[in-house]
1. Residue 10 fails exactly one of the following numbered conditions: (1) crowded, with 17+ Cβ neighbours inside 10 Å; (2) free of Cβ contacts under 8 Å to residues at least 40 places away in the same chain; (3) away from the ligand (no atom under 13 Å from the Cβ). What is the number of that condition?
2. Determine which single condition residue 82 fails, assuming it passes every other condition in (1) more than 14 Å from the ligand (Cβ to nearest atom); (2) under 30 Å from residue 130 (Cα atoms); (3) surrounded by fewer than 17 Cβ atoms within 10 Å (Cβ to Cβ).
3. If you go through segment 91-109 one residue at a time, how many are touching a strand residue (DSSP E or B) at 6+ places or on another chain (Cβ under 6 Å) and more than 28 Å from residue 163 (Cβ to Cβ)?
4. Regarding residue 193, is this residue free of Cβ contacts under 8 Å to residues at least 12 places away in the same chain, over 16 Å from residue 57 (Cα atoms) and either out of contact with any strand residue (DSSP E or B) (no Cβ under 7 Å at 6 or more places or on another chain) or within 16 Å of the ligand (Cβ to nearest atom) (or both)?
5. Answer with yes or no whether residue 119 is within 17 Å of residue 21 (Cα to Cα) and either surrounded by 16 or more Cβ atoms within 10 Å (Cβ to Cβ) or in contact with a strand residue (DSSP E or B) (Cβ under 9 Å, 6 or more places away or on another chain) (or both).
6. Of the residues that make up segment 101-115, is at least one assigned to a strand (DSSP E or B) and at pLDDT 95 or above?
7. For residue 110, indicate whether it is buried (at least 22 other Cβ atoms within 10 Å of the Cβ), in contact (Cβ under 8 Å) with a residue 40 or more places away in the chain and away from the ligand (no atom under 16 Å from the Cβ).
8. I'd like to verify a number: residues in segment 122-147 that are crowded, with 21+ Cβ neighbours inside 10 Å and more than 12 Å from the ligand (Cβ to nearest atom), how many?
Ligand code: SF4
């Protein structure tokens, strides 16, 4: 089966958004006003936690620890609905998404049966040559989690940094890659060398994630946050930096689509099939047989829940 088209148009309060998932080109025609009735209803980007399972034990992990895994047929139905209603991209996560038994099939479905850009976030250690050959041409971007470098990485993640480096190189041979970097007291000092590593490995984007508060940990301390903000302010490197929506008001950021905000911009589905405003929320709206767009309307009418 030949892949679905690469280019897509989304209409919303920000204007007309042209997106090409193959090249990553985004063009926003923001001087054009469209009536509300013509706006696409789906969030621009959705993340889906395919499973809560993960074989690493990072102490700052905020992923839920209850056993949960999504049925792949339900995920495919949601992807089709989101695609039809104007979403531009889907990001598979977890837990560790490559531990989902149908992970490769889900990437293939999204690439060939929808016009969604496909990304996923992984610790990288299950990116075998066999899996990479199955997803080649079916994912548009791979995000690898690298909290600290060298011995810091090994202490925090309990895996060999040399093995991780091999996975970074192998992943970059099948799709553009980004690095996700949790910033806390353990990793802050590694930032400059992590950027050098990213530059040397051809990484396209470096995502800074401040450590979030969990039931067991208090999250990034005020002092470290201040140091990080200073580091960002003084950063002059060529590697593009990004922050999550949750951290956006802590840094100077540029978001041309900011009129397309909140649930118009982003939603998350957790591994028990609840639609949420973000992966940090404790609960959400259960997606029923009536479909994910019905759940979205229910969520839009509800108040934000407590976050972790
Ligand atoms: S690799 Fe990710 S999901 Fe797994 S324990 Fe670490 S932070 Fe959590």
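The values are calculated or read from the model by the stated rules, or taken from the named source; none is laboratory data. A quick note: this is a predicted structure, and the numbers were derived from the prediction, not measured. When we count neighbours, we look across all protein chains shown, and the Cβ atoms used for this are built from the backbone with ideal geometry, even at glycine.
1. Of the numbered conditions (1) crowded, with 17+ Cβ neighbours inside 10 Å; (2) free of Cβ contacts under 8 Å to residues at least 40 places away in the same chain; (3) away from the ligand (no atom under 13 Å from the Cβ), the odd one out for residue 10 is (2).
2. (3)
3. 0
4. When the stated conditions are applied, residue 193 does not pass them.
5. yes
6. No, there is no match, as no residue in segment 101-115 is assigned to a strand (DSSP E or B) and at pLDDT 95 or above.
7. No, not satisfied.
8. Result for segment 122-147: 4.
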